[in-house]
Amino acid sequence: MNLKIIDNFLNESDLNYLSNLKLHRVADNSLKIYHNSIDKFENINVECIDNKRLKDINSTYHNFAIKILKEINPLKVKLYDYSEFHIIETGANYKFPIHDDTPNKLLSGVIYLRPEQNSGTIFYKNKKGDGKKIVEWKINRAVFFSRAERSTWHSYEGDGKSNRLALVYNLMTNDIKGVYKAENKNYLLGNLRYKINPYLYRFFKFTI
């Protein structure tokens with residue numbers, strides 16, 4: 001799997017803003033996702049980020065994210081439609097299962113916000129969990145990859161001590177057929193895999 005790891009990804013102002021959002025309390029064994037998105041025409045949908053701030057954040061990092069996608073998976077760049085900036089708080093004792101991302105994600109990214117120490121993202125060679133590789137937690141560290149059908153297996157969890165807050169920054173598409181063409185995979189079989197599993201499709205599409 002081709003991972004792009006970047007320290008000090010956010011500028012100081014954006015890091016402080018996102019780290020100090022006023023959010024609902026999340027229990028130790030729970031997960032909360034705040035959905036925020038902006039498309040290429042600047043249509044916005046937000047839950048916890050100010051509209052203007054979301055526009056500014058998108059303007060600041062979009063070209064850089066596109067550049068990363070060009071490096072990792074250039075065939076998918078032309079499929080871009082919108083960006084997600086989800087805020088995800090993971091309870092200290094919550095464990096998200098091993099999964100690969102939904103096909104509408106062209107570039108999947110996570111930026112660690114707080115606390116100072118926690119658990120990073122775990123990548124695997126297969127769904128069984130073989131070949132574990134951990135990208136260690138560090139405030140303002142970003143981890144990016146481009147999903148591939150049944151290949152980009154990963155998971156994350158709390159460290160048992162404190163909740164974990166992260167920004168999930170994804171470049172997205174509505175052209176699912178184009179994704180499978182770029183991956184040289186069967187569209188009907190691949191899309192059916194997600195549609196027949198409502199839990200997988202509904203929940204994993206928002207996470208990394």
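Every number in this text was worked out from the coordinates using simple rules, so none of it is lab data. Since we're looking at a predicted model, the values are computed, not measured. Cβ placement follows ideal geometry from the backbone for every residue including glycine, while neighbour counts extend to all protein chains displayed.
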remark   = With -39,500 (n - 2.57) per DSSP H segment of 4 or more residues and division by the full residue count of the chain, the 222 nm estimate, nearest 500 deg cm²/dmol, is -8000 deg cm²/dmol
request  = Name the aspartates and glutamates eligible as straight-distance cross-link partners of Lys161: C-alpha to C-alpha under 17 Å, and not fewer than 8 places from it in the same chain.
outcome  = Asp28, Glu89, Glu116, Glu136
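Among 11-20, 165-174, 136-145, how do they line up by average Cβ neighbours within 10 Å per residue, starting with the highest?
Working: 11-20: 14.7, 165-174: 22.3, 136-145: 19.7.
Final packing ranking: 165-174, 136-145, 11-20.
Let me know the charge dipole size of the chain about its Cα centre in debye, to the nearest 20, where only the beta-carbon of Lys, Arg (+1) and Asp, Glu (-1) is charged. All intermediate terms of the calculation are to be shown ahead of the outcome.
Details: 33 positive and 23 negative charges, 138 e Å.
So the magnitude is around 660 debye.
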inquiry  = At 0.36 nm per residue, and after removing the present C-alpha to C-alpha distance, how many nm does the segment from Lys95 to Asn184 gain when stretched out fully?
reply    = 28.8 nm
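Which pairs in the list Lys32/Lys125; Lys105/Lys128; Lys4/Lys132; Lys95/Lys132; Lys128/Lys177 are over 19 Å apart, alpha-carbon to alpha-carbon?
Numbers: Lys32/Lys125 27 Å; Lys105/Lys128 22 Å; Lys4/Lys132 17 Å; Lys95/Lys132 15 Å; Lys128/Lys177 28 Å.
Checking Cα-Cα distances, Lys32/Lys125; Lys105/Lys128; Lys128/Lys177 exceed 19 Å.
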request  = Please work out the FRET efficiency for the pair Ile66 and Ile134, using the Cβ-Cβ distance as r and a Förster radius of 35 Å; give the result to the nearest 0.05.
outcome  = 0.80
ask   = Using only the Cα atoms of the range 4-204, what do you get for the radius of gyration and for Dmax, in Å?
value = 16.3, 44
request  = Express the relative contact order of the chain as a whole percentage, based on alpha carbon pairs under 8 Å and six or more residues apart in sequence.
outcome  = 28 percent
ask   = Computed over the Cα atoms of the range 1-106, what is the convex hull's projected area averaged over all directions, in nm²?
value = 7.9 nm²
Rough spin-label spacing in nm, given labels placed 7 Å along Cα→Cβ, for Asn43 and His24 = 2.6 nm
key: Virtual spin-label span in nm between His35 and Leu75, 7 Å along Cα→Cβ   = 3.0 nm
task = Convert each backbone phi in the range 97-112 into a coupling constant with the Karplus relation 6.51 cos²θ - 1.76 cosθ + 1.60 (shift: θ = phi - 60°), then list the ³J(HN,Hα) values in order as whole Hz, x for Gly and Pro.
result = x, 5, 7, 10, 6, 5, x, 6, 8, 7, 10, 9, x, 9, 10, 7
